[in-house]
Amino acid sequence: MDRAHRILLAIGVGLVANLGAAAWACSCLPPEPPLVAAEESTAVFIGAVVGIDEVHDRGDGAVGKWFKRRLPRTVRDALNADIDPGRRYLNVEFEVSSWFKGGGTARVTVQTNTSGSACGYGFQHGEAYLVYAGGDEGDLGASACSRTSSLVGAEAEVAVLRGAYPAP
């Protein structure tokens, strides 16, 4: 194979590898306007991150148990011992300064994926956010695909929400 063919082959392999990586990236629709997003959310609040804990889902839920029952015993034992086959996610605890919808407590925990490629939101300890969370009360989640954003630069959006959801 001559040099030109090797270069073309290397470029082709690189393109295929990049296409595969792009398929695993988070892909979101454009966000809904603030009031529509608030209506579709379970909870909307302003809060500062006071704690972030990584949680490992070891497959102990119904699907995980079903899957493990179908594995050979030696593999099952390894999975139960120290191999983490499940996903990782973050429990992010917020100290809430304003509620627009849901909640009402001084602190709330919201889950997000650890990875941005899995649409996890990159919350930072000590930073304040405008959070749009879905799910059930007590089991809230936020993602990069929600309207959740840093409070810095969200003043106009907060004003819209304050107009629609006045404080009691």
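Observations
- Each peptide in 95-107, 129-141 was scored by the mean count of other Cβ atoms within 10 Å over its residues; highest first, the order is 129-141, 95-107.
- Placing dummy labels 7 Å off each Cα toward the beta-carbon, the span from T105 to S150 is 2.8 nm.
Coordinate-derived values only; no laboratory data. Keep in mind the model is a prediction, meaning the values are calculated, not measured. FYI the Cβ positions are ideal-geometry reconstructions off the backbone, even for glycines, and counts take in every protein chain you see.
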